[in-house]
Amino acid sequence: MPNIKLQSSDGETFIIDVEIAKCSVTIKTMLEDLGMDEDEDEVVPLPNVNSAILKKVIQWATYHKDDPPPPEDDENKEKRTDDISSWDADFLKVDQGTLFELILAANYLDIKGLLDVTCKTVANMIKGKTPEEIRKTFNIKNDFTASEEEQVRKENEWCEEK
Amino acid sequence: MNQQPGLLERLSPRPMVCPLIRLGRSSPLSEQPPNPTNHNHDSEYAYNYHSQYMNIYDTATPDRRLNQLCLEDEYVQKQPSDSNYMQQQFYQKHPYLNNEGPDYQEKFEQNSSNSENLRHSPIVNPFAKQTSLDLSSLSFDRSYWEHDNYSKQEMNQTNSSPEYFRPQVHQSNETNYLLDNFAKLGKSSPSLDQGYHTLVSPSPGPVTPSLWSEGNIYKGKKFQNKNNSFDKLPDELVARIFSFLPSLDLSVCARVCRRFEILAWTPALWRTITLQGEHISGDRAIRGVLRQLCGQGRTGACPSVERVYLTDGAKLTDRGLLLLARRCPELTHLQIQGSTAVTNNALFEIATRCHNLQHLDVTGCVQISCISVTAGPEPPRRLQLQYLDLTDCPALQDSGLRVIVRNCPQLAYLYLRRCIQITDAGLKFVPSFCSGLRELSVSDCSNITDFGLYELAKLGATLRYLSVAKCDQVSDAGLKVVAKRCYKLRYLNVRGCEAVSDDAITVLARSCTRLRALDIGKCDVSDAGLRALAESCPNLKKLSLRNCDLVTDRGVQCIAYYCRGLQQLNIQDCQISLEGYRACGCPGQYFFRTCYDPVQPQPLKHNI
């Protein structure tokens with residue numbers, strides 16, 4: 001079983017199956033460019049991903065290794081957020097910092113499935129909340145002036161008729 | 001208080017720490033102030049610093065058992081990756097309470113706006129009676145520990161006295177904080193959750209928010225993460241998250257902060273506008289959204305909007321529809337179910353201005369009777385409409401239908417359910433103008449007779465789906481002609497057409513071998529017809545024989561035997577006995593059906 005070494009930003013090396021690693025289009029492209037060297041001495045450096053996050057990513061990829069390749073992004077298809085599997089939901093029960101780091105890692109490594117599920121998770125955290133609740137959840141500073149905020153609220157009054 | 005120990009033991013051992021609690025306090029017990037020259041040696045300094053405070057707490061009363069909580073290693077690792085050794089040291093050796101309580105954050109915000117000098121201000125420490133503390137030099141990054149000023153402050157606390165560090169006061173606040181928060185156990189506080197609590201979609205049991213959930217405690221951690229999580233993400237990723245939000249939530253997001261406002265209103269996120277719920281006034285919503293997307297002017301166009309769906313009771317009136325027509329010329333899909341106030345005029349505008357309209361669903365818009373286009377000197381332009389759902393538009397008449405199908409030659413899906421005024425004359429125009437029609441439903445249009453079916457048969461092989469349910473004037477003659485000409489039929493619904501008998505079914509079976517779903521409820525069909533079906537239509541997946549009195553066990557057994565792909569079988573109100581049931585229990589097949597057994601009064605339900 002061909003393996004490959006991935007090195008995180010903080011120097012830790014992970015050895016994983018090449019097929020699992022190829023769920024990341026970035027790594028797949030790198031391997032193809034390097035001539036698919038399955039030489040165990042080849043180390044793929046990932047300077048944008050630290051070891052803790054890389055560990056999680058590998059865990060996700062290993063669980064999902066038999067998934068069919070995700071369909072192409074159909075702009076017209078309605079985007080749902082209620083189709084997160086229970087394993088994924090459990091997997092993503094992490095603190096916000098880790099969740100957002102996972103989004104960044106999935107984007108950098110170009111793993112569409114992980115990117116979608118993490119983004120859906122954050123979207124679910126936003127859904128149904130008022131602006132103040134959203135700010136509290138994500139610790140976002142309100143940088144509107146009072147008058148701006150009032151104006152924006154008025155323009156979006158239709159949202160509030162509940 | 002005697003309660004506390006029991007409650008404490010239930011808590012997971014995480015500290016609640018505010019690093020700046022120490023401000024304003026000097027240790028009355030320590031003889032040696034920290035050596036200022038040591039500040040370059042991180043660990044040593046920390047150790048010295050900590051040790052003096054450790055002394056204070058060691059002499060604490062039994063109620064201070066909280067202080068002995070020790071840090072879980074895991075938590076330390078969860079810190080942002082550039083957490084430094086200093087912080088770890090601090091957390092491990094400073095096991096005392098954050099007695100600021102949940103008001104901490106608010107005080108923080110208050111103070112940060114009040115004073116520019118303060119970069120971090122967890123200073124509103126009720127116990128910091130110090131007045132002359134210069135905190136501008138304080139920060140929570142690495143330099144915090146190393147900073148000269150900090151140690152100097154410690155030494156310069158001339159105002160300090162043991163009073164500032166009153167155990168009793170400390171204790172009482174501590175107590176209050178504990179009690180406040182224990183009281184909250186069992187009540188969920190959704191606005192303060194910090195993450196995955198909202199992931200847990202409606203769970204049956206009560207969700208007890210952990211006292212140690214990351215939002216409430218670790219105020220120190222929050223100060224380390226001054227930036228919010230979204231700051232880490234580039235715009236394209238925030239936009240990607242937003243792309244999963246329905247229109248209403250997206251609009252709410254725009255009010256959170258400036259960056260969100262800009263990102264939320266990018267036209268690419270508004271290709272589809274979905275409005276759900278009865279409380280939404282469709283007109284106002286459309287007006288609000290379009291204004292944001294295309295500016296305040298009344299003439300700006302929003303070329304990005306392609307689909308508009310109103311569901312679950314959200315309604316539009318002519319005004320909203322006119323606005324949509326004028327400002328969204330690229331509209332391709334429009335669904336306005338149940339918008340009873342919409343009239344033909346608005347549809348006229350839509351049809352004329354939105355040249356790319358493909359999908360139009362006006363179910364339940366009771367005033368609609370026609371969709372016309374501009375009549376001008378040149379030949380009227382044809383619509384690109386492919387999907388048209390006029391279900392429950394009782395105002396529709398033959399003349400209107402004629403205009404519609406003449407204007408929509410590319411129609412592939414046409415649904416006229418319960419358009420009760422439609423007759424055979426109207427149906428005549430359908431195949432002549434829309435030769436590519438694939439799906440057609442005229443169920444409940446009781447004026448339809450066999451003559452209508454003769455006309456529909458001209459659609460020939462392109463027809464895949466046909467429903468003439470409850471059109472009780474339809475009989476074998478019409479059905480036979482349809483069956484012979486439309487041999488690629490996949491779905492046929494003739495429920496309630498009591499004049500249909502084995503004769504037609506046999507012809508149907510032999511001709512339309514690709515049949516997948518068939519509903520012959522209440523028809524005059526018997527075992528012979530079922531046998532023909534069974535033998536000729538192996539692909540049958542769904543079959544309904546509800547109320548077919550003549551069907552017996554033999555017919556059902558036949559079906560069960562031959563149609564191996566059958567997934568749904570409805571034999572309700574049929575004269576089936578247990579024998580018939582057993583036949584349906586073939587291994588490898590999934591059957592779901594309900595049936596009323598004549599022997600037992602209750603319905604039998606079987607999922608095999």
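Before moving on, here are some points about what is shown:
- Residues B:W270, A:W60 arranged by fewest to most Cβ contacts within 10 Å: B:W270, A:W60
- Neighbour counts of other Cβ atoms within 10 Å put B:H355, B:H333 in the fewest-to-most order B:H355, B:H333.
- Placing dummy labels 7 Å off each Cα toward the beta-carbon, the span from B:A477 to B:R284 is 5.8 nm.
- Scanning chain A for long hydrophobic helices, with DSSP H runs required to stretch 15 angstrom or more by C-alpha along their axis and to average at least 0.0 on the Kyte-Doolittle scale, returns A:51-63, A:96-109, A:112-126.
- Ratio Rg/Rh [Cα only; Rh per Kirkwood] for the range B:253-389: 0.98
- For the range A:20-140, the C-alpha radius of gyration divided by 2.2 N^0.38 Å, with N the number of residues, is 1.19.
- Inter-chain neighbour count for B:242-253: the average number of beta-carbon atoms from partner chains within 10 Å of each residue's beta-carbon is 6.
- Where only alpha carbons of the range B:425-506 are counted, the Rg and the Dmax (Å): 11.2, 33
- Rounded to 0.05, the FRET efficiency of the B:E330 and B:K484 pair, given R0 = 41 Å and the Cβ-Cβ distance, is 0.40.
- Gyration tensor (Cα) of the range B:408-553, equivalent ellipsoid semi-axes in angstrom: 24, 16, 12
- Cα-centred dipole magnitude for the range B:437-525, charges only on beta-carbon of K, R (+1) and D, E (-1), debye, nearest 20: 620 debye
- Treating r as the C-beta distance of B:T513 and A:A146 and R0 as 56 Å, the FRET efficiency rounds to 0.20.
- Residue-wise HN-Hα couplings along the range B:387-403, as the Karplus relation 6.51 cos²θ - 1.76 cosθ + 1.60 with θ = phi - 60° gives them from phi, are 10, 9, 10, 10, 4, 6, 10, x, 6, 5, 10, 4, 5, x, 4, 4, 4 Hz; Gly and Pro carry x.
- Taking packing as the residue-averaged number of other Cβ atoms within 10 angstrom, the listed peptides A:19-30, B:306-317 run from highest to lowest as B:306-317, A:19-30.
- Exercise: per-residue mean of other protein chain Cβ atoms within 10 Å, A:100-110: 3
- Between B:N345 and B:S304, residue separation times 0.36 nm minus the direct Cα-Cα distance comes to 12.3 nm.
- Two-site label geometry, A:I15 and B:S432: point separation in nm, points 7 Å out along Cα→Cβ: 7.9 nm
- Pairs from the table (B:K458/B:K542; B:K470/B:K541; A:K5/A:K55; A:K120/B:K315; B:K458/B:K480; A:K120/A:K154) lying more than 20 angstrom apart at Cα are B:K458/B:K542; B:K470/B:K541; A:K120/B:K315; A:K120/A:K154.
- Sites A:E32 and A:R80, calculated FRET efficiency, Cβ-Cβ separation with R0 41 Å, nearest 0.05: 0.80
- Here the range A:42-162 is assigned +1 on the Cβ of each Lys and Arg and -1 on the Cβ of each Asp and Glu. Its dipole about the Cα centre then comes out at about 480 debye.
- Angstrom value of the Kirkwood radius, inverse mean 1/r, which spans all Cα pairs in the range B:479-531: 10.8 Å
- Mean shadow area of the range A:74-127, taken as a quarter of the surface of its Cα convex hull (nm²): 4.0 nm²
- Overall form of the range B:337-447 per C-alpha gyration tensor (a/c, 1.5; a/b vs b/c): oblate
- Separation of the B:R381 and B:A395 label points, Cα + 7 Å toward Cβ, nm: 2.5 nm
Computed from the coordinates by the stated procedures, all read-outs in this text should not be read as laboratory data. Keep in mind that what you see is a predicted model, and the values were worked out from it rather than measured. When we count neighbours, we look across all protein chains shown, and the Cβ atoms used for this are built from the backbone with ideal geometry, even at glycine.
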